[in-house]
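J.: Below: one structure in structure tokens.
Each reported figure results from applying straightforward, stated rules to the coordinates on display, with no laboratory input. Quantities reported herein were computed from a predicted structural model and do not represent experimental measurements. Because the Cβ atoms are built from the backbone with ideal geometry, glycine has one as well, and the counts that use them run over all protein chains shown.
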Amino acid sequence: MKRIRKAVIPVAGLGTRFLPATKAIPKEMLNIVDRPTIQYIVEEVVASGIDEVILITSEGKSAIENHFDYDFELDTILKQKNKQELCDNLNSLSKLIDVVSVRQKEPLGLGHAIWMARKVVGDEPFLVLLGDDLVRAEKPCCRQMIDLYNQVGEAIVAVQRVPMDQTYQYGIVEGKDTSYDRTFKVKRMVEKPAPGASNSDMAIIGRYLLMPEIFDILGTTTPGHGGEIQLTDALQVLSNQRSMYAYEFEGRRYDAGDKLGYLKAIVDIAMEHPELGTPFKEHLQSLCLKKQETGD
Ligand code: UTP
């Protein structure tokens with residue numbers, strides 16, 4: 001069985017839900033407490049034992065590559081000002097990963113973005129993490145998936161249960177139980193099903209472990225929902241060719257590409273922060289008390 005060594009992170013989307021904030025700044029660079037969203041995602045990759053990251057980027061996203069690069073000028077200035085701790089922090093960030101980036105010239109969909117990675121990934125299984133999907137877990141979500149892959153040796157999509165009236169917002173998986181913990185064998189996948197089109201509540205989130213065969217399939221996938229080349233459509237074909245598993249990961253997931261999901265991530269992460277946590281919780285408690293008193 002081939003080892004998982006590479007992670008693809010597509011960040012080429014337009015981020016229209018966050019306009020005007022994302023007019024000049026990539027949504028993946030929006031800050032959550034003390035670092036940009038993309039850094040949490042890269043930290044998950046590194047904590048899962050992977051050090052080769054392939055970013056699928058587009059015009060205007062160079063801030064992401066710069067964020068993980070070494071900044072000689074900043075380093076020199078911080079050293080002159082005796083800010084050694086800040087310096088060390090920034091340097092450890094640039095040592096975190098080696099980034100290879102591939103340009104997606106047009107935003108033709110997530111499936112197309114993944115297809116752009118085919119030459120860099122080559123003939124081996126790989127991970128995909130969406131650049132705006134955050135998962136907080138004791139054992140990193142990608143690590144959980146790699147551990148399952150080491151047992152099943154097949155593609156895996158991470159899923160979470162969602163209320164039935166929200167399934168139309170997700171790629172939905174129908175599957176049957178297996179002997180592996182929290183794991184289902186995929187039978188069918190539907191992208192954003194219309195009400196009644198599926199009775200499953202298992203929604204695909206932004207973590208995938210894929211087989212290299214997906215590239216050939218994506219190369220022949222025609223635009224689907226929303227006129228975009230959909231990864232879910234290609235996954236459906238892959239699951240017809242060989243086994244595929246849906247894995248109900250352990251942890252909390254935030255859609256940081258959506259305003260409410262982004263705010264929830266900020267509040268939860270701020271509450272857990274070693275220095276900010278306590279004063280932030282006190283602030284929230286005083287806010288709640290005031291609301292109760294005024295009855296709003
Ligand atoms: P989204 O649909 O959440 O991203 O795609 P978006 O298009 O940036 O956001 P909105 O809806 O306009 O606000 C999920 C992931 O796929 C990437 C995005 O960057 C995001 O990580 N993506 C999407 C691409 O890389 N290329 C695409 O053509 C589309």
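J.: Explain nothing, just the number: dipole magnitude of the chain about its Cα centre with +1 on each Lys and Arg Cβ and -1 on each Asp and Glu Cβ, in debye rounded to the nearest 20.
T.: The calculation lands at about 320 debye.
J.: Using Cα springs under 10 Å in a Gaussian network model of the chain, which residue among Y168, Y149, Y262 shows the largest mean-square fluctuation?
T.: Y168
J.: Would you work out the charge dipole size for segment 97-158 about its Cα centre, treating the Cβ of every Lys and Arg as +1 and the Cβ of every Asp and Glu as -1, and quote it to the nearest 20 debye?
T.: So the dipole magnitude of segment 97-158 works out to roughly 180 debye.
J.: Let me ask another. State, to one decimal in nm, how far the label point of N66 lies from the label point of H273, with both points 7 Å from Cα in the Cβ direction.
T.: For N66 paired with H273, the spin-label model returns 2.3 nm.
J.: Further question: Is segment 219-266 best put as rounded, prolate or oblate by its Cα gyration tensor, with a ≥ b ≥ c the root eigenvalues, rounded for a/c under 1.5, and otherwise prolate when a/b is larger than b/c, oblate when not?
T.: Taking the square roots of the gyration eigenvalues as a ≥ b ≥ c, segment 219-266 is oblate.
J.: Let me ask you something else. Just to be sure I understand the curve: with the Debye formula and one point per C-alpha of segment 92-243, what is log10 I(q)/I(0) at q = 0.13 Å⁻¹?
T.: One equal scatterer on each Cα of segment 92-243 leads to -0.62.
J.: Which whole number of Å³ per residue matches the convex hull of the alpha-carbon atoms in segment 156-212?
T.: 88 Å³
J.: What share of all Cα pairs of segment 67-117, in percent, falls into each consecutive 5 Å distance bin?
T.: 4, 18, 19, 12, 10, 11, 9, 9, 6, 1
J.: Still on this model: Please work out the Cα convex hull volume for segment 173-243 and give it in Å³ per residue.
T.: Convex hull volume per residue, Cα atoms: 105 Å³.
J.: Where in segment 130-223 are there trypsin sites (Lys or Arg not before Pro) that are in a DSSP coil and have at most 16 other Cβ atoms within 10 angstrom of their Cβ?
T.: Qualifying residues, ordered by number: R182.
J.: Assuming a viscosity of 0.890 mPa s and a temperature of 25 °C, what translational diffusion coefficient in µm² per second does Stokes-Einstein assign to segment 250-296, Rh being the Kirkwood radius over Cα pairs?
T.: Using the Kirkwood radius from Cα pairs, D works out to 204 µm²/s.
J.: When Rg is the radius of gyration of the Cα atoms in segment 3-160 and Rh is its Kirkwood radius, what does Rg/Rh come to?
T.: Value, to two decimals: 0.98.
J.: Continuing with this model, one more query. By a straight-distance test (C-alpha under 15 Å), which aspartates and glutamates pair with K192 as possible cross-link partners, with residues fewer than eight away in the same chain excluded?
T.: List returned: D165, E174, D201, E228, D233.
J.: Continuing with this model, one more query. Please compute the net charge surrounding H112, taking Lys and Arg as +1 and Asp and Glu as -1 over other residues with Cβ under 9 Å from its Cβ.
T.: Summing Lys/Arg as +1 and Asp/Glu as -1 gives -2.
J.: For each pair in K2/K139; K264/K290; K6/K176; K27/K81, compute the distance between the two Cα atoms and list the pairs where it is over 26 Å.
T.: Where the Cα-Cα span goes over 26 Å, the pairs concerned are K6/K176; K27/K81.
J.: Counting each DSSP H run of 4 or more residues in the chain as -39500 (n - 2.57), what helix-only mean residue ellipticity at 222 nm follows after dividing by all residues, to the nearest 500 deg cm²/dmol?
T.: -11000 deg cm²/dmol
J.: Please work out the Kirkwood hydrodynamic radius for the chain, using every pair of different C-alpha atoms, and report it in angstroms with one decimal place.
T.: Its Kirkwood hydrodynamic radius stands at 20.4 Å.
J.: Which residue fluctuates most in the GNM of the chain (Cα springs below 10 Å): L263, L148, L209?
T.: Evaluated over the chain, the most mobile residue of the options is L263.
J.: Out of M1, T167, P20, whose Cα points farthest toward the positive end of the dipole of the chain (charges: +1 Lys, Arg; -1 Asp, Glu; placed on Cβ)?
T.: The listed residue farthest towards the positive side: T167.
J.: Could I ask something else about it? If you average 1/r over every pair of different alpha-carbon atoms in segment 120-190 and take one over that average, what Kirkwood value in Å do you get?
T.: With all distinct Cα pairs of segment 120-190 included, I get 14.1 Å.
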